[in-house]
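Just so it is clear, none of the values below were taken in a lab; they were calculated from the coordinates. As the structure is a computational prediction, the values presented were derived from the model and not from experiment. As a convention, Cβ positions derive from the backbone with ideal geometry for all residues, glycine included, and neighbour counts pool all protein chains shown.
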Amino acid sequence: MALSNDLIKQRLVDQFGDAVSAFEEPYGMLTFEVKPELNMDLLQFLYHDEQLSFKFLTDLTAVHYPAFKDKEIAVVYHLHNLVENFRIRFKLFVPIAKPDVTSATKLFEAANWLEREAYDFYGVNFVGHPNLKRIQNVDEMDYFPLRKEYPLEDQTRLDKDDEMFGRGGSFGFGNERTPSHFHTIPEAAKGREEELFGGQKAE
Amino acid sequence: MSTTDKHIMLPEGSIEKETTTINLGPTHPATHGVFQNILELDGERIVSAEQTIGYVHRAIEKIAERRPLYQITPLTDRLNYCSSPINNMGWHTTCEKLLGIQTPKRVDYLRVIIMELARIADHLICNSIVGVDAGAYTGFLYLMQYRELIYEIWEQVCGARLTTNIGRIGGFETNFNSIAWEKLEKFLDEYPKALKEFEGLFQRNRIFMERTIGAGPISAERALNYGFTGPNLRAAGVDYDVRVHTPYCSYQDFEFNIPTGTTGDCYDRFLVREQEMWESLSIIRQAYQKVQEFKGAEADVFHADVPEYYLPEKKDVYTKMEALIYHFKIIMGEVDMPPGEVYHSVEGANGELGFYLISDGGRSPYRLHLRRPCFIYYQAYEELIKGSMLSDAIIVMSSLNLIAGEMDG
């Protein structure tokens, strides 16, 4: 029987009950959440089940949502069943204070560097990874640069003379740096709210 | 006397090693890019390899979080810079998927022409570099003039050659001019002959075959487990091609084959790329044919009618109110995109180039992740070369078509 979003959803709910939730189909791709401790059970099930057999790990990455309390870091898996040519995506959320996720390297060799990259940029601690160290950045780096508390240089900065850099004015592109964008004020910015955010205080 | 009798044996408790450790890279002429390999050698045999990458990491994903969609296109140029137009088109089609834009058929066919030219440009470099690393420089110098011709075609369409920033969300910046079509015809006329000669130089060449057959093989199972895509996966015998499995830009309208190999070694990878160039040529011919079939007003269509995302013509900006408004809004980055998340992939020259875009309804992506095929399959390098000669390591590296820009992102 050909795979369909409904069929996969049914099979997963039968197998995992309420451990899988938040089923959606953005742009046609089945997307759902799983409890973080069950990610390997789910991957194993999807891999070994004869009907589902999602044996190709297309992508693995992380996303930072500072606004989601106690589940700030999302790890996103994209899987592909090459025989049926069917793709699914699932996510799990872990707290930023303890971002422990079981490594998928036992099942997919491809996960090795992808997990190292997710660790490098978001600090996700992949438990059981054979060589979890930074991949793109230098080993000495002591922060995780793609987290949202490290915004890119603010184009509305006033302490730089933009005319010296060939930029007369500046436009915010909707990314103005205000405290409301952050769950917390980053450590490095403590005490400098006046200078950085123009006097606005964190919520 | 057994061969091991002559080996130098270290005395018990020596602090020295019997193996030699060498650095291959980061700036070594044989790596064709900036990445390092720490190889441990026993004589000339490779015992282990450790890869270090990230020397040209530019944090494209982070930069993209502060830019409106159209300003991200030039960033994608810098991924696989041997075939930038595929990256550009991949990004445009991702945006179009998110924004729900349907492009006209003619735009799709023009895109296919540009993308297949890019695939040829990329495979041509890769294959001739394999030749260079096997000791034959001629093929490289000979085919290079046709890459030049491809670059001239791109130059006519977008004004740039290497980092093309070609096309816009919704279509192209201009229609193809007559010089572009002339050059395309010249290319279609001359390149097959040159490619035939190139094949004559390598395909059944004893030295080349001895160097490449059995070098760096991988089984289909391992290749899939390692996340191989593109020609490297097809050389291992899996006929997975994004153009066929998830067609974009009307690839379903074209007749072409997916060439596959069996052993996944350097020779198979070479042959698969070689065959793909012929298929690309055939696709370009079909697309050119289809483009010529458009008559009247349809023959001038080169972009979709999406004024919110596609810059109006400059002369309209001076004379028409709406055009001026849209021009201002686009340039100022004031067009919000719908919230949502989308994964879209195209068949890059190296494999499945994926864009995972999360939008929170703002003007720039909340998160953009690039699935860079090179980055994923380079992990297998150690497994491919373990136990083989140092000179094999070089040729395996070039036949994988590792591009530092794509690897580091």
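In whole Å and largest first, what semi-axes does the C-alpha gyration tensor of region B:234-317 yield when each eigenvalue is scaled by 5 and square-rooted?
37, 15, 11
Counting only DSSP beta bridges with both residues in region A:1-133, tell me the antiparallel percent, nearest 5.
Expressed as a percentage, antiparallel bridges in region A:1-133 total about 75.
For chain B, modelled as a Gaussian network with Cα springs under 10 Å, which listed residue fluctuates most, B:122, B:360, B:189?
Of the options given, B:189 has the highest mean-square fluctuation.
Put +1 on the Cβ of each Lys and Arg and -1 on the Cβ of each Asp and Glu in region A:1-156; which of A:136, A:74, A:22 then has its Cα farthest toward the positive end of the dipole?
Toward the positive end, the furthest listed residue is A:22.
Quick check: net charge around residue B:261, other residues with Cβ under 9 Å of its Cβ, Lys/Arg +1 and Asp/Glu -1?
Net of charged neighbours comes to 0.
Which entries in B:105/B:290; A:55/B:386; A:71/A:91 show an alpha-carbon gap greater than 20 Å?
Long pairs (Cα-Cα over 20 Å): A:55/B:386.
If you fit an axis through the alpha-carbon atoms of helix B:390-399 and take the longest principal axis of the Cα set of chain B, what angle between them do you get, 0 to 90°, nearest 10?
Here the helix axis deviates by roughly 10 degrees.
Report the charge-dipole magnitude of region A:1-144 in Debye, nearest 20, computed about the Cα centre from +1 at each Lys and Arg Cβ and -1 at each Asp and Glu Cβ.
Here region A:1-144 has a charge dipole of around 20 debye.
Identify which of B:15, B:46, B:331 has the largest mean-square fluctuation in a Gaussian network model of chain B, with springs joining Cα atoms closer than 10 Å.
B:15
Summing -39500 (n - 2.57) over the DSSP H runs of n ≥ 4 in chain B and dividing by its residue number, what mean residue ellipticity at 222 nm do you reach, to the nearest 500 deg cm²/dmol?
Taken over chain B, the calculation gives -15000 deg cm²/dmol.
Local charge sum around residue B:280 (other residues, Cβ-Cβ under 9 Å, Lys/Arg +1, Asp/Glu -1)?
Net local charge, residue B:280 excluded: -2.
Specify the angular offset, from 0 to 90 degrees and rounded to the nearest 10, of the alpha carbon long axis of helix B:321-331 from the longest principal axis of the alpha carbons in chain B.
20
What's the ranking of B:272-278, A:91-97 by average number of surrounding C-beta atoms within 10 Å, highest first?
B:272-278, A:91-97
Kirkwood hydrodynamic radius, region A:1-43, all distinct C-alpha pairs: what's the number in Å?
Hydrodynamic radius (Kirkwood, Cα only) of region A:1-43 equals 10.9 Å.
Can you tell me the dipole magnitude for chain B around its Cα centre, using point charges on the Cβ only (Lys, Arg +1; Asp, Glu -1), in Debye to the nearest 20?
In total the dipole reaches around 680 debye.
Please name whichever of B:324, B:266, B:281 sits farthest to the positive end of the charge dipole of region B:253-342, dipole taken about the Cα centre and charges placed at Cβ: Lys and Arg +1, Asp and Glu -1.
B:324
List the extent of the Cα atoms of the protein assembly as shown along each of their three principal axes, largest first, rounded to whole Å.
For the protein assembly as shown, the Cα extents along the three principal axes come out at 86, 65, 62 Å.
Report, as a whole number in µm² per second, the diffusion coefficient that Stokes-Einstein gives for chain B at 4 °C and 1.567 mPa s using the Kirkwood radius over alpha carbon pairs.
57
Can you find, among A:83, A:63, A:45, the residue farthest towards the positive end of the dipole of region A:1-113? Put +1 on the C-beta of Lys and Arg, -1 on that of Asp and Glu.
The residue sitting farthest along the positive end of the dipole is A:63.
Under a plain spin-label model, where a point goes 7 Å from the Cα along Cα-to-Cβ, how far apart in nm are residue B:179 and residue A:2?
4.9
Looking only at B:292, B:156, B:379, which one moves most when chain B is put into a Gaussian network model with springs between Cα atoms under 10 Å?
B:292
Report, largest value first, the span of the C-alpha coordinates of region B:323-409 along each principal axis, in whole Å.
63, 25, 19
If R₀ is 25 angstrom, what is the calculated FRET efficiency for the pair residue A:11 and residue B:252, using the beta carbon separation as r and rounding to 0.05?
Efficiency, rounded to the nearest 0.05: 0.25.
Hey, got the dipole for region A:62-148? About the Cα centre, +1 on K and R Cβ, -1 on D and E Cβ, debye to the nearest 20?
My answer is approximately 320 debye.
Only counting other Cβ atoms within 10 Å, I'd like B:129, B:330, B:179 sorted with the fewest neighbours first.
Lowest count first: B:179, B:129, B:330.
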